[in-house]
Amino acid sequence: MVVKPPPSRLLAMAAMLLAGCTGRIGSNGGGMMPAGLAGPINPGRVVAHRLNNVEYDNTIRDLTGQDTQPSVAFDFPPDTYIEGFDNNADALAAPPLYLEKLQAATEAIVTGALDPSPANAAARARIMVCDPGTTGESACATKILTTFASRAFRRPVQDAEVQGYAGLIGVAKSAGDGFNQGIAAALQAVLLSPRFLFRIEANPPAGTSALLDDYEIASRLSYFLWSTMPDDELLQRAAARGLQEPAAITAEVRRMLADPRSSALVNNLAGEWLGSRELAVEEITLTDVTFDADLRGAMATEASMYLGEMLQGGHAIKELLSSSFAFANGRLAAHYGFPGAASLGTSFTQLPLPDDRRSGGILTQANTLTVTSMRDRTSPTRRGKWVSENLLCNVIPPPPPQVPQLQPQSTTAPTSVRDRLAQHRQKGTICYGCHQYMDPIGLGLEHYDAVGRWRDTDSGAAIDATGNVPISNAPFDGAISLAKAVGDDPRFLDCVVRKLMTYALGRSLVTDGSSPMDDTAGLADIRMRLGSTAASVVDVIQLIATSPAMTMRLGEETSAP
Amino acid sequence: MKTFQLSRRACLRGAGVALGLPMLEAMLPIGRRARAQAAAAGKPIRLVVWTFPDGARMDAWTPKTTGAGYAMPPTLASLETYRPQINVVSGLANTPASVVSGDVFAGSHARATGAMLTQVPLVFTSGANFKAGISFDQVIANDLKVRVPSLRLPSLEIGAVYAGATGNCEDGFSCAYLTNLAWSGPTTFLPKETNPKAVFDRLVTGGLPTATPTMSTTPGTMTPTTTPPPPTGTTMGVDKTTLYRKSVLDLVAADTNALKKRLGVSDQAKLSDYLDSVNELERRLAALTPTTSGGGTGGGADGGAPTGTTMPTAGRSCAAIPTPKDGTYLGPTASKNVYGYSELIGVMNDLIAMAFACDLTRVVTFMSEIPLNTQTNFSFVGVSTSNYHDDISHHGGDPTKLAQYQTVNTFYAQQFASLLGKLSAITDADGSSVLDNSAVLFTSEFGDGDAHYHFNLPMVVAGRAGGAFSPGRHILYPSTADSGAGAIETARRADKPLANLYISIMQAFGMNVSTFGSVDGTTPYGTGPLTELAG
């Protein structure tokens, strides 16, 4: 029996080797520590978290009952991607341009929410919960505003807290307007309050960690799983102090994943982690494919549906890369060359894979293969880099200056991409240091063209899709064995945890020991509990949802030292 | 007050090293500021920074001789018409961009872009602890907020390519660096607007909603009906609307202040940034309301910007452009991508011209493509669709790629020339052209893109800046000789700092500034103006 180093050793070695692709230690290459040796788990903290554009739109939808996507209609500035995700609290700023758009949107939202037309009666009634004619204006304003603000602020609001807002009724009266105009202004003030716009948590004494309160946990869960505010049920559970125990959180997570709103989690992960948002702006100049909105949409839908099935079907982590099925509609099935495509319509169905050309996971989905290609050809380097960074969490440095990129295909001397890439992999060249970590994986996917269709040859030469996974050295021949090799790699387990954790927390993870908020121990703990990629995707989500980083907070100084 | 936030923000990210900011005019006592401003009285000075990415083919860009009478190089041929109004300035270096820890090649585009207008080295991070510095355009904008409060917008940040479609930035460096030019503070970048209709609306309204919008209750169909009035002197009834907005914002500000007190320092900083934005909107609300700023239309020489929601007509050839199409070039919503690339740049140039003609803002930064952008297809100027802009900038000496690189550079020079044409055609309040009263920069984050040089940058300085600059020449500063492989990314301390150009511009704006930026965090990088610009 061959004695292999334990997975944790492999991980540490990988991090060392990749640091700058030069063997130097100490850049930001990962710095993982073996499980069990990482010391106490520190929960860290998330800075006041502005709702990003997706979260804002969803929250307004659930708060007002109107799904109007104000961030799109009012051209909110785009959120900044940090480490692949656009929900990073530190980067979610609110510069004047943002507030301008927000203010215009807020005025429109309130006008729409209070629209007296019959079509809006139910939504309006949910806000105008009393009649000033019978209860008196002051009492009625207080009731309307405490009810609305308690939902908007995602925690109960006392009467005294809304008196400032209620004062706007007096402003309305002084301007010759009535109660309703005053309420409209007060609702605007609620929607512009940082208590609505930001998720803000109480600050424990500096240097100490404390459990979040139930409402804070409710918001953590709802923005992680739904990208929106807690629903009434979750708020009721918080009111009953029912979210402090891991078992209670686990039960809520189960309920929330079964709710249609969990499509936000799936779509955001597919869009950001798997990159399907890029399909909208991806340009393909191949002449034998119609890369229209339908095909782009179908590729993105497949990526989302597959991820959704991984969650809803209780699949193992490794099945993200390997399974026996796919999702397609007629257009995508024809694109893939699946038999019977003509009989499929525009809606998607789960299909058994008809042959052994695809691995049934994200590696061989058209979305992944397309967004990692150039306009008119494949790029094994880009594909390998994508796998390395997004599935193995090893960041590859950029090429040095004065190095030409791959020459386009010669018209006189047909050569495969593999042949042209060979120059990268000559030992001793400046390229070899990094390309040894990228090209081999990408070459394993050369059977798929720039839009993910199967091919047997490249420029007339038969495809050679053999290789070894960098560092683990696992051999493969084509996508199916490559998917299995990557899926069994402990780095993949680590990477899935990291990606989901980064998304769930909405902050960067710290694993280089540079900060007292180091997440190394927390990550190692989750990895150890999972054991291997045979654990389910839902298990990862449950472990993250109940982890110290999600349920606790490290206190901070209240004045600059 | 905005001015005190510099030091406050600089200290917050406590990475151990507090970046020592050089003394800025904005930090000076009021008396000295007043004296500095006296120098600029009488001229409405303006700034445009107009950038293209990935550097230039410098042998086709740099004139062979210096002074007047140089032969216009091929890339800049379209600028021949404006020869009397431009200086080609060669040899400037962005040395702070060359400072990096770790891999010397990492994040070269991002470092250069983030340091371009801030002139400080960036924190090496792909994560959230990004940090640059205040950019010089924002130093000017902060001054204008005080000096000319009636301007619709203190500054305008625009671009041609949407930043949010992809999370692919440059390894090891934050997307925040690569996609933004303007920074109002070390951790606060100002995002760009890439929809011309939205830019138009902002300019006309100062970013304030103009009417109570309505929306349909049908999902997904909300349409803002904040269509601004035609900018031809129409006055709207804003009094009651303004009263409500002010009351609401007052309440939000009070709410934010009360909340802050209970929080840790990083949360407080976050809310302080939000409070700054609330205060800025309140400031504009007050400045643009006739009852609080004296009323009437503007048009005086300096400080004569329009008041209220009345568009100015006096003194300048102010005219609104037709309302632009509502959409983008490569935005996230396919159905809204209604612009061709050069078409969109043309409209953005029109908007800059309108903003200056009507004195709606005096500071504009325009970022055409995002560096490293792999989306823009230059087949419309004959560049093979197989080749991306960043790809051809890595020409490796290949003649085909060099030719394509030059073609793209030339395209941008033509677009820039078109802007100069528009600005020179507008008669300013003092009878000279708007271009005469402006400093209009045409530049990129790199010199030669193949080598990712942060020195010998391509730079055209157009306009007289109100008489401070004397154009018509090629000004050449010697660039430090290469000392072999490995020297390409090293800091070029001997080269003429880009920051000196910014000092010249800030001084033309009447600001009492003598240093800007820093390479090491303490020593000033720019230490005086580019005296040669004055002639």
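Points worth noting:
- Residues of the stretch A:175-192 classified as aliphatic (A, V, I, L, M) and facing chain B (nearest Cβ under 8 Å), total: 4
- Hits in the stretch B:172-196 - residues which are more than 7 Å from chain A (Cβ to nearest Cβ), outside any helix (DSSP H, G or I) and within 21 Å of A:ILE396 (Cβ to Cβ): B:PHE173
- Residue, surrounded by the most Cβ atoms within 10 Å (Cβ to Cβ), within the stretch A:197-210, restricted to residues that are within 10 Å of chain B (Cβ to nearest Cβ) and among the hydrophobic types (A, V, I, L, M, F, W, C): A:LEU197
- Every residue from the stretch A:216-252 that is touching a Phe, Trp or Tyr at 6+ places or on another chain (Cβ under 9 Å) and either under 12 Å from A:THR546 (Cα atoms) or not small (Gly, Ala, Ser) (or both): A:PHE224, A:MET229, A:PRO230, A:LEU235, A:LEU243
- Near pairs, Cβ below 8 angstrom, 6+ apart or cross-chain, from the stretch B:68-91 (in a loop (DSSP other than H, G, I, E, B)) to any residue that is of a type in the set (S, T, N, Q) and modelled with pLDDT of 95 or more: B:ALA71/B:THR65; B:PRO73/B:THR62
- Looking only at the stretch B:217-275, and only at residues there that are among the acidic types (Asp, Glu) and at pLDDT 90 or above, the one that is surrounded by the fewest Cβ atoms within 10 Å (Cβ to Cβ): B:ASP250
- The number of residues in the stretch A:65-90 being more than 7 Å from chain B (Cβ to nearest Cβ) and among the hydroxyl-bearing types (Ser, Thr, Tyr) comes to 1.
- Scoring A:ALA483 on the criteria (1) away from chain B (no Cβ under 14 Å); (2) at pLDDT 95 or above; (3) out of contact with any Lys or Arg (no Cβ under 9 Å at 6 or more places or on another chain) leaves a single failure, condition (3).
- All positions within the stretch A:99-113 that are more than 7 Å from chain B (Cβ to nearest Cβ) and within 19 Å of A:ARG195 (Cβ to Cβ): A:LEU102, A:ALA105, A:THR106, A:ILE109, A:VAL110, A:ALA113
- When residues of the stretch B:316-356 are limited to those that are more than 21 Å from B:ALA182 (Cα to Cα) and in contact with a strand residue (DSSP E or B) (Cβ under 9 Å, 6 or more places away or on another chain), the one surrounded by the most Cβ atoms within 10 Å (Cβ to Cβ): B:ARG316
- Test: residue in the stretch A:175-193 that is within 27 Å of the chain's Cα centre (by Cα) and not in a helix (DSSP H, G or I): yes
Rundown of residues vs (1) surrounded by fewer than 19 Cβ atoms within 10 Å (Cβ to Cβ); (2) on the phi > 0 side of the Ramachandran plot; (3) not hydroxyl-bearing (Ser, Thr, Tyr), yes/no style:
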position	(1), (2), (3)
A:ALA122	yes, no, yes
A:ALA125	yes, no, yes
A:ARG155	no, no, yes
A:ASP159	yes, no, yes
A:TYR165	no, no, no
A:LEU168	no, no, yes
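The values are calculated or read from the model by the stated rules, or taken from the named source; none is laboratory data. If you're wondering where the values come from, they're calculated on a predicted model, not measured in any experiment. Every residue, glycine among them, receives a Cβ derived from its backbone with ideal geometry; neighbour counts consider all protein chains shown.
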